[in-house]
Structures are given as C-alpha cells and as structure tokens.
Amino acid sequence: MNTSWRSASLVAGAAALLALTTACGQESSTSGVGSQNVGATAAAGDYGSVGAGTSASASPSNGYGADGQNSGAQSSAAGKLAVTQNAELGKVLTDGNGMTLYRFDEDTAEPPKSNCDGDCAKAWPVVAADDATAGAGIDKALLGEVTRADGTKQLTIGGWPAYRYAKDTKAGDVTGQGVGGKWYALAPDGKKATLASLPGLSVRNDPKLGKIVVDKNGMTVYRFLKDVAWPDPISNCTGSCLEKWPAVAPVKADDTKGIEKKGLMGFTRPDGVKQMTVDCWPAYTFSGDTKPGDTNGQGVGGTWYAMSPDGKPVGAPKK
C-alpha cells in the first residue's frame with residue numbers, strides 16, 4: 001500500500017514538472033524548451049536610453065532633488081511618529097502629520113552625523129528632535145538626536161538623521177525615494193524602507209497600466225516585442241541592449257504570486273545569462289527605473305511594454 005502510494009506520487013510529480021517545462025513547446029510541434037537560443041542583436045534605437053522617461057526628482061539639477069526650493073515639507077518637530085504601509089515600499093516611517101521621513105546615504109549612524117547642510121537642508125528639511133514620540137510599531141529605544149553644525153538638535157532613527165523632502169506636498173507622498181541614488185524613505189527600524197518580503201515575481205496594480213509584473217525589489221518587469229516565445233524562448237536583446245534592459249534572473253514557480261504558471265520557467269541565453277520567462281516570453285527590468293513603481297520603460301521605442309501576469313505586453317498596439 002505505502003509503496004504503491006509513493007510510486008503514484010512520484011509519477012504525478014514528474015508529470016507536473018514535465019507539463020511546466022514543456023509549456024513553451026506546446027504552442028507548436030517542436031519541443032526542446034530550455035535549449036540554447038540564437039537571438040539576434042536588437043536594432044539600434046529599439047531600446048531607448050537610460051535617461052528616457054525619468055522624473056525630474058530622479059535627475060535633480062543641483063544634486064539635491066529640489067533645486068534648493070523648500071516648496072512642501074517644512075522643518076518642524078516630528079510629533080508622534082507613525083508607521084504607514086506603502087504599496088511599493090512596505091512599512092514607511094512618517095511624522096505626526098503623515099509626512100514621509102527619509103535618510104541620506106552620505107550621513108552616518110555610528111556615530112550619528114548629518115552631512116546635509118546649506119542648499120541640501122533646504123531641499124531636505126531636517127526633522128527636529130523636539131517632542132518626538134514613538135507611535136505603534138516603533139521601538140522608542142531607536143529614537144535619538146544628533147547635534148548639527150548650527151547647534152540644533154535633529155531627530156535620529158536607529159542612529160540615522162531624519163529628514164523630510166521639500167517636494168512631498170501631502171501625507172503619504174514618497175517622491176524623495178531614490179533621489180540621486182542616495183535618499184531613501186526610512187523604515188521603522190531606521191533601515192531603508194523596502195518590500196523585502198516580495199516574492200521573486202508578483203503583481204502590482206499600477207494606477208495607469210493596471211496589473212503588471214514586478215520583481216522581488218518591486219521593479220517593473222517588461223517584455224520586448226521583438227523577442228520570440230515559441231517553440232523556444234529567444235531574446236533579441238543582447239549587448240548594449242541588455243545593459244539597459246537587464247534580464248530577470250530565474251525564480252522558482254513557488255516563489256511567485258499572481259503569475260500565470262504556464263510557461264513560467266528559466267532558460268539559458270547564448271551569452272550564458274540565465275533569464276526568466278512568463279508564458280515563455282523573456283522578462284526584463286529597465287535601468288531607467290530608479291525606484292519601485294517606476295514605469296519609465298513603458299512604450300520605449302514602440303517595442304518595450306510592461307508585462308501582464310499572463311505574459312502579454314500591457315498597452316502595446318494591437319496588430
């Protein structure tokens with residue numbers, strides 16, 4: 001009885017694995033998914049430039065991200081700190097007015113020291129340590145203060161000096177995330193806010209594009225219209241194209257959420273790079289996306305589009 005049950009289970013498991021790994025070949029009579037492909041290099045101009053579509057905050061003219069203009073958040077006491085759930089960043093630390101708090105990579109936490117003064121402090125108003133208290137989900141032992149060069153006291157979280165961002169104009173704004181590659185929203189423990197618990201691939205409901213695939217870092221996943229899916233996955237993005245559109249590394253099927261399982265597999269490119277596919281279509285991210293939620297690659301060259309959970313190109317013109 002036990003032997004028969006175990007044999008039946010092994011047969012069923014093998015059948016399920018075979019069905020998954022041959023999903024691409026099922027679209028035609030040719031099998032062999034996972035073999036080396038022979039993709040051609042994409043034509044010049046098909047993949048756009050790194051800076052295409054990037055926001056003003058991601059390319060600040062003065063290096064701070066707000067041109068020295070304090071147009072939004074004001075320098076004031078923190079009040080009762082709170083933890084806010086953000087769709088792209090997970091748990092984010094906010095002040096008593098719901099404004100996002102940030103940290104600066106050029107600062108230090110051990111010992112606490114702020115390296116943002118002058119125009120930088122106009123773009124990134126410091127959070128005063130006065131009357132700061134810990135709300136629910138925040139360890140009050142992590143709250144501290146550092147004396148700045150002008151003698152004022154700045155709030156620290158886990159040793160990191162805290163700031164607001166001048167371009168955040170209302171509660172919940174996170175426009176400072178990733179600015180200059182040095183500014184990041186604070187998590188309740190003082191680390192950089194991130195959705196570290198995201199699966200290898202999952203689905204994000206974008207306000208403009210609808211349901212799109214994102215990777216483990218929350219970055220948008222794209223599809224290249226010049227690629228081939230059947231009978232075998234073939235990537236036609238190589239060389240400099242692949243530098244601008246990095247291949248998504250393979251993930252296990254059980255490390256995905258909301259993604260169609262058919263054709264969900266990895267393959268090895270001729271250049272040796274291993275790449276993930278959704279419905280057998282090669283998957284990429286875009287180097288011009290600087291933070292979770294960015295979709296700067298959408299429509300680039302008329303050939304790059306965000307990928308839907310079933311592998312289709314979202315918003316691509318219908319043939």
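Where a number appears in this text, it was derived from the coordinates with a stated rule and is not lab data. Predicted model, so just to flag it, every value in this text is computed and none were measured. Note that we place each Cβ from the backbone using ideal geometry, even for glycine, and neighbour counts take in every protein chain shown.
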message: For a quick check of your reading of the filter: which trypsin sites (Lys or Arg not before Pro) in the stretch 89-137 sit in a DSSP loop and have no more than 12 other Cβ atoms within 10 Å?
response: none
task: Distance check, please: which entries in Lys80/Lys182; Lys244/Lys319; Lys211/Lys262; Lys252/Lys274; Lys226/Lys319 exceed 21 angstrom between their Cα atoms?
output: Lys80/Lys182; Lys244/Lys319
query: For the pair Val273 and Lys191, how long in nm is the line joining their label points, each one 7 Å along Cα→Cβ?
result: 2.9
field: Euclidean distance between Cα centres, the stretch 185-230 to the stretch 238-280, Å
entry: 14
- request: May I ask for the percentage of alpha-carbon pairs in the stretch 244-319 that lie more than 20 Å from each other?
  value: 35
- line: the stretch 179-319, convex hull of Cα, quarter of hull surface, nm² -> 9.4
